[in-house]
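**Q** Got a structure here, written out as structure tokens. Questions coming.
The values are calculated or read from the model by the stated rules, or taken from the named source; none is laboratory data. Everything quoted here is computed from the prediction, not taken from an experiment. Neighbour counts are summed over all protein chains in view; Cβ atoms, including those assigned to glycine, are modelled from backbone coordinates with ideal geometry. Only protein heavy atoms, including side chains, enter the accessible area calculation; ligands, DNA and RNA are left aside. Shrake-Rupley method; radii C 1.70, N 1.55, O 1.52, S 1.80 Å.
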Amino acid sequence: MASFSSLAAISRPPPSLARASFPARSVSVPNARLRVNCSYAEAGVSDDSKSATIDVVADVKTERVVVLGGSGFVGSAICKAAVSKGIEVVSLSRSGRPTYPGSWVDQVTWASGDVFYANWDEVLVGATAVVSTLGGFGSEEQMQRINGEANVVAVNAAKDFGVPKFVLISVHDYNLPSFLLSSGYFTGKRKAESEVLSKYPNAGVVLRPGFIYGKRRIDGIEIPLDFIGEPVERILQAVENFTKPLSSLPASDIFLAPPVSVDDVALAVINAVSDDDVFGIFTIEQIKEAAAKVKVGSPM
């Protein structure tokens, strides 16, 4: 919250404006991060007028984003991107503070906990958005729990605490055979999507990336997934016109769905939490477009 005031002197007006008056009013800009309220006293302007005072008060909405799974591969990229944009960040994950290098790590509030037993009173206070990167593989029961139920719990907690926006990192809508799409991984993700879009019909965002590449750290070892993902992405972009007719073939997405940089996913999240008008499902191409908007608007 910031405020400022300014004094403006109104010089002698021409005769045609000698009897002008300005009633007290309040002006605001709706749906904006910066809201300006202008209050002006009743001012009768005449030849012998000296000055009038205009008080301007600006209320700046501070963004506070809670990232679920913020110490993971995708979550940490989101935290880093948010910090670079001056957004206050809180991460909730079972592992707590990660061992990543970089000064941005010190600017994140790292909380250790499980979404099923989280003290939401502490985590969600003052939050303007929740971003969930929760998901994983395992048994059918485990995948249903982490991909579906955990996210449903998070969505409802955010809604109950009045958090205005929820962003879910989901998965691409692959054209796989139905027996594969019926696995706990995909059904859990779709269940989470449904919860987000029903609880946040005009403010929920679902990102559906395919393979996400970048430098991933596992047990302290850095795995350069970008060595694979980046050239594949460029190749698929170059031959896009030739491969489009093949996209209708069953399971073709496994080979033809372009990879997405983890940085692009993170920037698409920043675009979503920073713009009140952004909501709905984002495909791979739309994720890249959203990321490009942030890159153009303010370089990392």
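**Q** Accessible area per residue, 1.4 Å probe, Å², for region 246-300: what's the number?
**A** Solvent-accessible surface per residue comes out at 50 Å².
**Q** Grab the Cα-Cα distance for Ile228 and Arg94, subtract it from 0.36 nm times how many residues apart they are, and report the gain in nm with one decimal.
**A** Result: 45.3 nm gained on full extension.
**Q** Could you let me know the centre-to-centre spacing of region 247-300 and region 159-201, using Cα atoms, in angstrom?
**A** Taking the Cα centre of region 159-201 as reference, the centre of region 247-300 is 16 Å away.
**Q** Using θ = phi - 60° and the Karplus curve 6.51 cos²θ - 1.76 cosθ + 1.60, what whole-Hz ³J(HN,Hα) does each residue of region 108-113 get, with Gly and Pro shown as x?
**A** Values, residue by residue: 9, 8, 9, 10, 9, x Hz.
**Q** Which links in Lys199/Lys288; Lys159/Lys288; Lys80/Lys215; Lys85/Lys199; Lys165/Lys295 stretch past 19 Å when you go from one Cα to the other?
**A** Beyond 19 Å between Cα atoms: Lys199/Lys288; Lys159/Lys288; Lys85/Lys199; Lys165/Lys295.
**Q** Sticking with this structure for a sec: In terms of modelled amide H atoms, which long-range or inter-chain residues lie less than 5 Å from the amide H of Ile212?
**A** Val260
**Q** While we're on this one: Can you give me the distance in nm between label points at Glu289 and Asp275, each placed 7 Å from the Cα along the Cα-to-Cβ direction?
**A** The answer from the label model is 1.0 nm.
**Q** Could you do me a favour and compute the accessible area per residue for region 121-175, 1.4 Å probe, result in Å²?
**A** On a per-residue basis, 41 Å².
**Q** I'd like the chymotrypsin sites (Phe, Trp or Tyr not before Pro) in region 106-198 restricted to DSSP loop residues with at most 13 other Cβ atoms within 10 Å, sorted by number.
**A** Within region 106-198, the qualifying chymotrypsin sites (Phe, Trp or Tyr not before Pro) (loop, at most 13 other Cβ atoms within 10 Å) are Phe116, Tyr117, Phe137.
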